Amino acid sequence: MNKGLSLRANLLQAAGCELYADITADYGDQIYTFAMGCRFDAHGNLLFTVKEPDTIEGITGKVNADGGALTFDDTALSFPLMADGQLSPVSAPWIVMQSMRGGMITSAGVAGDQIRLIIDDSYADDALTVHLWLEKDETPIQAEIYHNGCCILSVRIANYRLL
């Protein structure tokens, strides 16, 4: 639990952070995968650029508590909403970051060389649950977002660094 609280304190004291997110969205009957370069400011607002696949590379956008926006030329990025309309797959890194910054840590444990935190993103009945894996040095490396007990989004995290 202390590693999770330390991660949160360091994140809240930083000017922001950057990371590379490899995202898998599972709709049950269809799976989408894509990757984004992400930059968060000190308030947790996200600016992103899609890096993979080539067919949607270069699309940029932003996500914050008020919603999100996409910018693109001749390429559309459209995913059905998930979790009863609560989120789009491009908002997965933002959900993970918001959980890291202020979600309720409900469980913490160690498995091998990794720390696993389970975090509820809110106290609401329709709360999303984030399972977050950290290296021993508190570097986030993997997250899964659950809704109604099912994993709907997974995020592999690389090149995480505080600003």
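Who wins for biggest fluctuation among Gly61, Gly103, Gly149 in a Gaussian network model of the chain, springs between alpha carbons below 10 Å?
Gly149
With every protein chain in place, what's the accessible area of Phe79 (1.4 Å probe, Å², nearest 10)?
Accessible surface of Phe79 is approximately 30 Å².
Name the lysines eligible as straight-distance cross-link partners of Lys3: C-alpha to C-alpha under 23 Å, and not fewer than 8 places from it in the same chain.
Correct list for Lys3: Lys136.
Angle between the Cα long axis of helix 2-13 and the longest principal axis of the chain, 0 to 90 degrees, nearest 10?
50 degrees
Mind pulling the angle between the C-alpha long axis of helix 92-102 and the longest principal axis of the chain? Nearest 10 degrees, somewhere in 0 to 90.
30 degrees
I'd like to know which of Ile95, Ser107, Leu46 lies farthest towards the positive end of the charge dipole of region 7-163, counting +1 on Cβ of Lys and Arg and -1 on Cβ of Asp and Glu.
Most positive-ward Cα: Ser107.
Considering the chain, what Rg and Dmax in Å follow from its alpha-carbon atoms?
15.0, 47
Taking the solvent-accessible surface of protein heavy atoms with a 1.4 Å probe, what is the per residue accessible area of region 1-111 in Å²?
52 Å²
Need the list of lysines near Lys62 for cross-linking: C-alpha distance under 26 angstrom, and skip anything on the same chain fewer than eight residues off.
Correct list for Lys62: Lys51.
With every protein chain left in place, what is the accessible area of Cys150 in Å² (1.4 Å probe, nearest 10)?
80 Å²
Find the relative contact order for the chain and round it to a whole percent, using C-alpha pairs within less than 8 Å whose residues are 6+ positions apart.
Relative contact order comes out at 24 percent.
For the chain, which whole-number percentage of the solvent-accessible area (1.4 Å probe, protein heavy atoms only) is attributable to carbon and sulfur atoms?
47 percent
Compare Asp120, Asp66, Asp22 in a GNM of the chain, Cα atoms joined below 10 Å, and give the one with the largest fluctuation.
It is Asp66.
The values are calculated or read from the model by the stated rules, or taken from the named source; none is laboratory data. In this text the structure is predicted, and so the values were computed from the model without any measurement. So basically every Cβ, Gly included, is an ideal-geometry build from the backbone, and we count neighbours across all protein chains shown. Side chains included, ligands, DNA and RNA excluded: accessible areas come from the protein's heavy atoms. Shrake-Rupley method; radii C 1.70, N 1.55, O 1.52, S 1.80 Å.
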